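Participant: Submitted below is the structure of interest, expressed as structure tokens.
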Amino acid sequence: MSVKIELNDRQVHDLILLANTPGLAELADQIAVSKDIALSPSEAYDALSRIVEDKLDHTRLEALMRQLMGLRGLMMRRDIDSKSLVEGLSQALQQAFQRNPNLNQKELQVACVQLVERDFLKLLDSQLFAITSKAAKLAYDFASLLRNARVITDARPVFSNETDAEPDIVGMVVSHVLRLDYENADQQHSLSIVLDQLDVHKLRDACDRAIKKADAIETKMKSLGMLVNITGKRESTHAPSN
């Protein structure tokens, strides 16, 4: 059974760009049989660059990564196979062509359908994109995701007795507020927690120890010949989005 998909302008633009890319069918065959494995989108981009060498420019590589990672994510969220997804994507393309008179070109439409039904079907099932998308899902498969964290230092004045004719500042009380912005079930939330100086030191020590633990795991796993991705350690400049 196909899945219902609605394409936005950026997705349509990416698909048209890729459909008009010479030699993409041959590159799709190379990617499909590649044994490369990546545990993050940035590593997948690097692997993809090695496979295609200089046959795809940066813009097309970005478009290919963006669409395939987004579609693989949709496959996992809706628990469907690549064939069902491709059928839904083909239908969505036809609808996009009908909505936009500028896309009413038979040759362009045929190229886009071939891209989806021939090349994307292979690429979605390739080891590279299957494992990368699974690793990305595992990395953020939690009830709540942290979006931002700040420690705000708060200084409050202590005034003299209220009976004094002229209030005077006799001291300051300094504390800290840990502000956490997070989301769950596609809803944004914020949480504020008061910290004293000792709490801040404990939090810093806990963070330092967490980094050391992750580095120790990475070192150990690499010594055993296993790939390791410490989420967020390497900033991805090629992360796809839809």
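The values are calculated or read from the model by the stated rules, or taken from the named source; none is laboratory data. Bear in mind that the values here come from a model prediction, so they are computed numbers and not experimental data. Counting neighbours? That spans all protein chains shown, and the Cβs are built from the backbone with ideal geometry, glycine included.
Participant: Could you tell me which residue of region 74-112 is nearest to LEU7 (Cα to Cα), considering only residues that are in contact with a helix residue (DSSP H, G or I) (Cβ under 6 Å, 6 or more places away or on another chain) and small (Gly, Ala, Ser)?
Facilitator: Among them, the one singled out is ALA96.
Participant: Now for a separate question. Test ALA38 against the stated conditions and say whether it is under 14 Å from PHE129 (Cα atoms) and aliphatic (A, V, I, L, M).
Facilitator: Considered against the rule, which asks whether it is under 14 Å from PHE129 (Cα atoms) and aliphatic (A, V, I, L, M), ALA38 comes out as yes.
Participant: Of all residues being out of contact with any Leu (no Cβ under 9 Å at 6 or more places or on another chain) and surrounded by fewer than 16 Cβ atoms within 10 Å (Cβ to Cβ) in region 56-69, which is nearest to PRO41 (Cα to Cα)? Just the residue, please.
Facilitator: HIS58
Participant: Does region 174-182 include one or more residues that are touching a residue at least 24 places away in the same chain (Cβ under 8 Å), basic (Lys, Arg), under 30 Å from GLY73 (Cβ atoms) and in the same structural domain as MET65 (by TED's automatic domain parsing)?
Facilitator: Checked against the condition, which is being touching a residue at least 24 places away in the same chain (Cβ under 8 Å), basic (Lys, Arg), under 30 Å from GLY73 (Cβ atoms) and in the same structural domain as MET65 (by TED's automatic domain parsing), region 174-182 yields no hits at all.
Participant: Quick one: in region 97-149, of everything that is in a loop (DSSP other than H, G, I, E, B) and in contact with a strand residue (DSSP E or B) (Cβ under 9 Å, 6 or more places away or on another chain), which residue is surrounded by the most Cβ atoms within 10 Å (Cβ to Cβ)?
Facilitator: SER144
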